[in-house]
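The structure appears right after this line, and notes come after that.
The values are calculated or read from the model by the stated rules, or taken from the named source; none is laboratory data. Quick caveat: nothing in here was measured; it's all calculated off a predicted structure. Using ideal geometry, Cβ is built from the backbone for each residue, glycine included, and neighbour counts are taken over all protein chains shown.
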Number of protein chains: 6
Amino acid sequence: MPYVNIKITDEQVTPEQKQALIEGATQLLVDVLNKNPKTTFVIIEEVNTDNWGIGGQTVTHLRKQS
Amino acid sequence: MPYVNIKITDEQVTPEQKQALIEGATQLLVDVLNKNPKTTFVIIEEVNTDNWGIGGQTVTHLRKQS
Amino acid sequence: MPYVNIKITDEQVTPEQKQALIEGATQLLVDVLNKNPKTTFVIIEEVNTDNWGIGGQTVTHLRKQS
Amino acid sequence: MPYVNIKITDEQVTPEQKQALIEGATQLLVDVLNKNPKTTFVIIEEVNTDNWGIGGQTVTHLRKQS
Amino acid sequence: MPYVNIKITDEQVTPEQKQALIEGATQLLVDVLNKNPKTTFVIIEEVNTDNWGIGGQTVTHLRKQS
Amino acid sequence: MPYVNIKITDEQVTPEQKQALIEGATQLLVDVLNKNPKTTFVIIEEVNTDNWGIGGQTVTHLRKQS
């Protein structure tokens, strides 16, 4: 009964991509630890680029530079 | 000083229901562990049904089937 | 399919108390939102009092004062 | 490679304030533990005042009283 | 720069299995969203079976029944 | 009433360093957002280096290489 929480920046992730993340993470737990997929939760959280920092800078700032 | 995080799908939960969850979770910590309610935090996070997977499927998909 | 995470200080919580927290939190989601208990997760995390701060002080420090 | 998650109520926090939180938290890990800022993540989550409870009451309710 | 948090029950997971989870989750984010693996974090948390509940019962209890 | 969660690798962090993290994070929220320190929580989680991955490798592995 694993629980997987995936945080990513909120940058136009499609429902199909979310479905692929959910399927892939669930399958990973089956493959590695033989966990039951029926009781595997995957929760995706999309975080505004203003609210995510790395290296002391917001991702909003980093995206402008690149 | 407990901290309770409740994640639920974002499906028209009312302010009254949120208040009931907060009261109930706070009281549970009083009843079971005699914790001080004044320093008990409850945070409710509502998650889009596209972003919550169980059994390798999004809840959006599961709701359509049921 | 709710997910509840309860963080408390690690101060000799018994298995019976943990069971009571799990039952109580699961029932709360049934009562307030009619959620299915079979797919309700409750995870309790016990945090060392050195690692929990409130008001800028560790709980270890606060326990010594009280 | 620390990970810092800051949850605050969603009450008109500006991008400049978010930047200050990210810089400050990253610097704190440098100062105290000599962590590499390049692999320090800070994620800020803004929570609706209806969804945050303290003392068994929502922050929405507490704001009205004060 | 995704962040993946995997919570599983604490039941003799080996370092090799943890490595496989970390590799697999990192690759999933590359495959689905083209994320940079260098700034992808994966954190595995092992939870005592007394502290994990599903269906209102601890996993400790469920393991004894099965 | 902010909540700050700091995850770091479990590598001999002292009680004094934990106290410094708690004080610093609490003060940061006072300085930037004028939050009340009395209801500011800081929780530090120390994660085994086998359980933390970056770039698809465990920190245990990275420490051996460096």
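Taking the options F:44, F:22, name whichever one is among the β-branched types (Val, Ile, Thr) and under 27 Å from residue E:8 (Cβ atoms).
Result of the check over F:44, F:22: F:44.
So residue B:11 fits all but one of (1) more than 7 Å from every other protein chain (Cβ to nearest Cβ); (2) acidic (Asp, Glu); (3) without any contact (Cβ under 8 Å) to a residue 24 or more places away in the chain; what number is the exception?
Of (1) more than 7 Å from every other protein chain (Cβ to nearest Cβ); (2) acidic (Asp, Glu); (3) without any contact (Cβ under 8 Å) to a residue 24 or more places away in the chain, only one is false for residue B:11: (3).
So which residues in the range D:49-64 are in contact with a strand residue (DSSP E or B) (Cβ under 8 Å, 6 or more places away or on another chain), polar (S, T, N, Q) and not in a strand (DSSP E or B), if there are any at all?
Once the filter is applied, which keeps residues that are in contact with a strand residue (DSSP E or B) (Cβ under 8 Å, 6 or more places away or on another chain), polar (S, T, N, Q) and not in a strand (DSSP E or B), the range D:49-64 yields D:49, D:51.
Could you list, in sequence order, all residues of the range B:30-41 that are within 19 Å of residue F:40 (Cα to Cα) and in contact (Cβ under 8 Å) with a residue 12 or more places away in the chain?
Correct list: B:35, B:36, B:39, B:40, B:41.
Being over 23 Å from residue F:5 (Cα atoms) and either surrounded by fewer than 21 Cβ atoms within 10 Å (Cβ to Cβ) or away from chain C (no Cβ under 14 Å) (or both) is true for just one of E:26, E:39, E:60. Which residue is that?
Being over 23 Å from residue F:5 (Cα atoms) and either surrounded by fewer than 21 Cβ atoms within 10 Å (Cβ to Cβ) or away from chain C (no Cβ under 14 Å) (or both) holds for just one of E:26, E:39, E:60, which is E:60.
I'd like to verify a number: residues in the range E:25-43 that are under 11 Å from the mean Cα position of the chain (by Cα) and either among the β-branched types (Val, Ile, Thr) or outside any helix (DSSP H, G or I) (or both), how many?
Count: 2.
Here are some residues: A:34, A:48, A:5. Which one is at positive phi and either within 12 Å of chain B (Cβ to nearest Cβ) or surrounded by fewer than 22 Cβ atoms within 10 Å (Cβ to Cβ) (or both)?
A:34
Got at least one residue in the range A:4-24 being aliphatic (A, V, I, L, M), part of a strand (DSSP E or B), closer than 13 Å to residue E:32 by Cα and modelled with pLDDT of 95 or more?
Yes, the range A:4-24 contains a residue that is aliphatic (A, V, I, L, M), part of a strand (DSSP E or B), closer than 13 Å to residue E:32 by Cα and modelled with pLDDT of 95 or more.
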